[in-house]
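Coordinate-derived values only; no laboratory data. Values in this document were obtained by computation on a predicted structure and should not be read as measured data. Here the Cβ positions follow ideal geometry from the backbone for every residue, glycine too, while neighbour counts run over all protein chains shown.
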Amino acid sequence: MVDRIDQVLERFQQFVVKYKLYHILFWGVYIIAGALFLPVANNTGVSILKQLPIFALHAVVVYINFQLLIPRFLLVRNYVSYVLSVVLLVFSVTFPIAIIIHTIIENHEFQSMVWSPIFLYLLALSVLFSVILTMLLKFLKQWYEDQRVSRELTRVQLETELKFLKAQINPHFLFNSLNNLYALTLKKSDLAPEVVLRLSDILRYVLYDTNLGSVDIQKELSHLRDFIELERIRLGDRVKISVDLVEPPIDMNIEPMLYLTLLENAFKHGSNGLNDDAWVAISGYPTRDGYSLKIENSVNSKNKPRSEFGGIGLENLKKRLKLTYGDKFNLKINQTEEVYSALLEIQLINKLL
């Protein structure tokens with residue numbers, strides 16, 4: 001029902017714009033307001049009819065200003081010529097308007113005031129008011145249209161950049177997963193079929209579910225579990241892995257594969273150069289308005305600082321978070337001599353409302 005109403009309103013707006021009906025609407029309201037403010041007859045309808053020639057001259061001045069003076073002088077910043085042209089145009093219709101008023105007014109005392117300098121000055125101001133009012137409305141309409149176009153361009157740009165960043169992530173993930181499978185096949189491991197099955201589930205998630213935009217967070221967590229199990233099989237007993245992912249009690253959607261970069265880095269650097277003390281800990285839990293995921297891993301102090309590892313992936317993650325969630329996320333990276341930790345909190349409920 002709401003979509004139907006939106007379609008009707010959009011078609012009506014297109015019809016109005018196409019046939020310039022908003023001009024007719026504006027002048028209709030303007031004439032009625034003028035006739036009510038300065039009635040020249042006891043009957044409102046008669047007053048409107050008598051003043052039609054006056055507002056017709058107002059309209060002539062307005063459209064000459066729009067079609068001729070603004071493009072020729074104002075838009076090229078020839079302000080002196082523009083002001084002089086507007087003043088000349090306003091006073092050129094002041095006397096014809098005075099003649100019309102002198103003709104339609106039945107009060108003889110008021111007729112004698114029509115040709116006074118003060119009254120002519122007021123007539124000129126009324127025409128100038130029409131010019132200024134229509135210019136303000138025109139510029140306001142143009143500003144609104146520029147804002148609409150700007151928002152649309154920004155939306156398209158964000159969508160394009162998000163697709164580009166996601167395209168960078170997916171091949172990276174697939175490359176690492178295939179490397180893991182290759183290592184197991186070289187060892188002729190009995191775990192290879194399980195890896196193929198889990199990799200199949202991951203590929204299905206990456207190729208299909210992630211193309212739909214945001215996904216249910218339960219699917220994202222299931223995807224993380226598949227990835228963790230692949231890493232558990234690949235690393236064996238060399239790395240102690242602990243996982244505690246609590247699913248939220250309510251439905252929440254999330255941008256897919258945001259956690260993958262942090263998870264990949266944890267397994268890559270947490271097992272690098274360590275013997276029996278390597279470990280990776282993953283914990284996640286729902287918050288009041290979203291979800292919080294913390295990933296920690298052991299650090300080999302002999303390796304290079306973590307900031308030099310996975311720089312592109314981390315920067316892509318930050319860009320995706322900024323483009324998708326604005327300021328509704330918190331990413332904390334902390335490293336000591338023994339532990340590297342990453343905490344990502346995202347407000348998911350507010351984003352959906």
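Structural remarks
- Stretchable slack from residue 36 to residue 102, in nm (0.36 nm times residue separation minus alpha-carbon distance): 21.9 nm
- For the pair residue 154 and residue 95 in one chain, pulling the backbone fully straight at 0.36 nm per residue adds 16.1 nm over the alpha carbon distance.
- Residues 188, 50 arranged by fewest to most Cβ contacts within 10 Å: 188, 50
- In terms of its Cα atoms, the range 189-352 spans 45, 38, 28 Å along the principal axes, sorted from long to short.
- Neighbour net charge for residue 204 - beta-carbon separation under 12 angstrom, K R +1, D E -1: -1
- The range 114-151 residues near the modelled residue 29 label - backbone nitrogen below 18 Å, point 7 Å along Cα→Cβ: 129-145
- Subset of 188/318; 187/319; 268/322; 219/328; 240/322; 188/294 violating a 29 Å alpha-carbon distance limit: 188/318; 187/319; 240/322; 188/294
- Stretching the chain fully between residue 209 and residue 246 yields a gain of 11.2 nm (0.36 nm per residue, less the alpha carbon separation).
- Among 232-242, 76-86, 290-300, the order from most to least packed when residues are scored by Cβ within 10 Å on average: 290-300, 232-242, 76-86
- Backbone HN-Hα couplings from phi across the range 295-300 [Karplus 6.51/-1.76/1.60, Hz, Gly and Pro as x]: 10, 10, 8, 6, 10, 9
- Sequence of 94, 287 once ranked by neighbouring C-beta atoms within 10 Å, starting from the fewest: 287, 94
- Simple label model, 7 Å out from Cα along Cβ direction - residue 283 to residue 87, nm: 7.8
- Alpha-carbon centroid distance for the pair the range 316-339 / the range 203-244, whole angstrom: 19
- Neighbour-count ranking [beta-carbon atoms within 10 angstrom, fewest first] of 105, 97: 105, 97
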